[in-house]
Amino acid sequence: MKIKISELENSKNKTQLISFSEIYEEFNKSVPVKANLEIQVIGELIKISGNIEALLNLTCDRCLKEFTKELKFRTEEYYIKNSLNDNYINEYEIKDNNFLEDLNGQNEIDISNFVYQCVILHIPNKLVCDINCKGEEILSKYMKDEISDPRLEIFKKIKIEKE
């Protein structure tokens, strides 16, 4: 789904409300990602804010079982219509309000891509199916008690003399 900036600027109060629902193969093939977004033009900026909900199929990092995780979060992003590169030729300090997506003169915003990126950024770094997951039971069948490599046998014969 793409939103044309010219239509956004001509809309009432330069604001559009969007209810978005799309299935992403990477997350869950049967449940769509849903978003209720408000897109607003503020001078040279375009603000996208709203709520996103997703049900993700993930794999536990500890026990390797598949599980589903529900994500519900609020997002707020800013786009700038014209290029930022003209204003910032030299080095500069990054502040809170400097995190803007540069549209580089494009005439539309891809909402599908925006929602996809928001979901990706909200997936936890450590994927665990349960807070009490030990993971040891399932992984133990894949682990050997002793790792032996015939090439390393020579090191077992080395004697270290202490002075």
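The values are calculated or read from the model by the stated rules, or taken from the named source; none is laboratory data. Note that the structure is a prediction, hence the values are computed from the model and not measured. Positions of Cβ are generated from backbone atoms using ideal geometry, with glycine treated the same way; all protein chains shown enter the neighbour counts.
Structure above, values below:
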| quantity | calculated |
| --- | --- |
| Positions within segment 99-147 being at pLDDT 80 or above, part of a helix (DSSP H, G or I) and among the aliphatic types (A, V, I, L, M), in sequence order | ILE111, VAL115, VAL119, ILE120, LEU121 |
| Top-ranked residue of segment 31-64 - restricted to ones that are of a type in the set (Asp, Glu) and part of a strand (DSSP E or B), ranked as farthest from the chain's Cα centre (by Cα) | GLU38 |
| Flag if PHE73 is in contact with a Cys (Cβ under 9 Å, 6 or more places away or on another chain) and either closer than 19 Å to LEU121 by Cβ or among the polar types (S, T, N, Q) (or both) | yes |
| Cβ-Cβ under 8 Å pairs, at least 6 apart or on other chains, segment 15-30 side within 24 Å of ASN57 (Cβ to Cβ), far side loosely packed, with under 10 Cβ neighbours inside 10 Å and hydroxyl-bearing (Ser, Thr, Tyr) | ILE23/SER30 |
